[in-house]
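Colleague: Structure below; questions to follow.
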Amino acid sequence: MDIPEARKLLGVTSRTSAAAIKKAFRQLAMQWHPDRNPAPEAGEKFARLAAACNLLLEQESSSAKANAAPDKGEDLRQDFELDLEQACRGGQAEVGVDKRTECDACAGSGYQEVALSQQCPTCHGSGRIRRKHGLTNCPDCEGRGYTRRIRCPECEGKGERLARSVFAVTLTPGMLSGDELRLEGKGHPAPDPAGQPGDLLLRIVLRPHALFGVDGNDITIDRPVSTFILLIGGTVTVPTPVGPRDIDVPPGLPTLREIAIPEAGIPARGKRAAGALKVRLLPGLPTVSSPTLTKLYRSLQQEIERTQPHCCPELDAWEQRWLSAR
Ligand SMILES: [Zn+2]
Ligand SMILES: [Zn+2]
C-alpha cells in the first residue's frame, strides 16, 4: 500500500493531522471491525484500514518534525453594522458569523457509507480509471465498480460546512465607519486541529440615521424652533445619540442659525479627538392662529409701527424714499 492509497482508504488529505487521521480510522474501524461486522470481507478491510492508519501516522510524524508550527486558520472578514447610538455609547453587541466547521454528517471525512452498494461515480461502474500509464484499478471502489462509500451529500465531499456562530463584542465608544475590530481566535479553524484559529476582523459600518448626520467625527442635526426663541433667546432641548440635551440660544436675528457644541459629537477614541454636535436651528412661525395669538400679533404690529425708525430701519428708509414724496 502506498501513501495516496492509504489516504484514499481513510478519506483524509495530505493536510490532515495525526489526530484527524486517528479519528478517521476510529470511525471506519467501528464499522469494519470483524467483531461488529459479520460481512466476510470485514476482517480484511479492517486490516487494510489499520495498515493505512499506521503508514500515514509514521509519515505524519516525520513531516511534523520538519514543520513544527501548524498553520493558523484563515482570518474571517465581514462588515459590522452599528446604529449611531451604539457607536456613541459603546457597550455589548452581538455579531453573527458563518465559520467553517467539520461536517457532522460525515465527521469531516467527506464520505458517507450507504446501506446498499451503488455504481461507483469515479469509474462509472467499470472498476478502472485511466492514468498516465494506462488503465488502473479505481481507488474509490477498489476495482469493484460499485461502492457503499459515497461522497457526502451534505458537504459535497468537502468535509466541512459553514455554521453560524454568535459572539458578544465589547464596543468602546466612538466607533466610526471604516474602523476595524479584531477578535483574536474567532476566525476560521486551522486545517490542523492543533493549529490556532484565525482572527475575526469586523469592519464598522454606521447605519444611516433618520435624524442625525455624521460629518467626520461631528454629528449634525436640524432642529426646528419658534422664530420667537431666536429673537428673544432661551433654552432649547436637542436630541443627541446619547440622550436629550439642553442648549442655550442667545437672542439675535430670526434667521437660520448654527450652534456647535464642542465634544458633544462622536466621542474620542484612541488618538482621535471627540467631534462636535452641530445644531442647525430652523426658524418657524405658528401655522395655525387663535383669537389670543391674533390679538397679540396685532399689538406686536402696533408696537413695531410705533418704533419703526428704531426697530426696522431698512423698512423705514424704504417707506421714506418711495412713499413720503407723494
Ligand atoms: Zn460531509
Ligand atoms: Zn470505482
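The values are calculated or read from the model by the stated rules, or taken from the named source; none is laboratory data. As the structure is a prediction and not an experimental result, all values here were calculated from the model. With ideal geometry, Cβ positions are generated from the backbone for all residues, glycine too; neighbour counts draw on all protein chains shown.
Colleague: Which members of region 50-67 meet the condition of being closer than 15 Å to Asp192 by Cβ and either modelled with pLDDT of 80 or more or of a type in the set (S, T, N, Q) (or both)?
Modeller: Within region 50-67, Leu56, Leu57, Gln59, Ser61, Ser63, Asn67 qualify.
Colleague: Determine whether Thr170 is within 30 Å of Leu277 (Cα to Cα) and not basic (Lys, Arg). If you could, list the steps in order and put the result at the bottom.
Modeller: Working: within 30 Å of Leu277 (Cα to Cα): yes; not basic (Lys, Arg): yes.
Yes: the conditions hold for Thr170.
Colleague: Could you list, in sequence order, the residues of region 10-31 that are in a helix (DSSP H, G or I) and in contact with an Asp or Glu (Cβ under 9 Å, 6 or more places away or on another chain)?
Modeller: If the condition is that a residue be in a helix (DSSP H, G or I) and in contact with an Asp or Glu (Cβ under 9 Å, 6 or more places away or on another chain), then Ala18, Ala19, Ala20, Ile21, Leu28, Gln31 are the ones that fit.
Colleague: With the requirement that a residue be within 12 Å of ligand 1 (Cβ to nearest atom) and over 17 Å from Gly198 (Cβ atoms), what does region 68-112 give you?
Modeller: Cys103, Asp104, Ala105, Cys106, Ala107, Gly108, Ser109, Gly110, Tyr111, Gln112, listed by residue number.
Colleague: For Leu256, all conditions in the list (1) surrounded by fewer than 10 Cβ atoms within 10 Å (Cβ to Cβ); (2) touching a Pro at 6+ places or on another chain (Cβ under 8 Å) hold save one; what is the number of the exception?
Modeller: (1)
Colleague: Can you run down the residue pairs with Cβ atoms below 7 Å, 6 or more apart or on separate chains, where the first is in region 101-130 and aliphatic (A, V, I, L, M) and the partner is in a loop (DSSP other than H, G, I, E, B) and within 16 Å of ligand 2 (Cβ to nearest atom)?
Modeller: Close Cβ pairs satisfying both conditions: Ile129/Thr122; Ile129/Cys123; Ile129/Cys138.
Colleague: From the list Thr172, Thr227, pick out the single residue that is touching a residue at least 40 places away in the same chain (Cβ under 8 Å) and either out of contact with any Lys or Arg (no Cβ under 9 Å at 6 or more places or on another chain) or aromatic (Phe, Trp, Tyr) (or both). Don't jump to the end; show me each part of the working.
Modeller: Details: Thr172 fails: either out of contact with any Lys or Arg (no Cβ under 9 Å at 6 or more places or on another chain) or aromatic (Phe, Trp, Tyr) (or both).
Answer to the selection: Thr227.
Colleague: Considering His124, His133, which residue is exposed (fewer than 14 other Cβ atoms within 10 Å of the Cβ), within 16 Å of ligand 2 (Cβ to nearest atom) and not basic (Lys, Arg)?
Modeller: The conditions single out His124.
Colleague: While we're here: Would a scan of region 73-82 turn up a residue that is loosely packed, with under 14 Cβ neighbours inside 10 Å and not assigned by TED's automatic domain parsing to the domain that holds Pro173?
Modeller: Looking for residues that are loosely packed, with under 14 Cβ neighbours inside 10 Å and not assigned by TED's automatic domain parsing to the domain that holds Pro173, one finds none in region 73-82, hence no.
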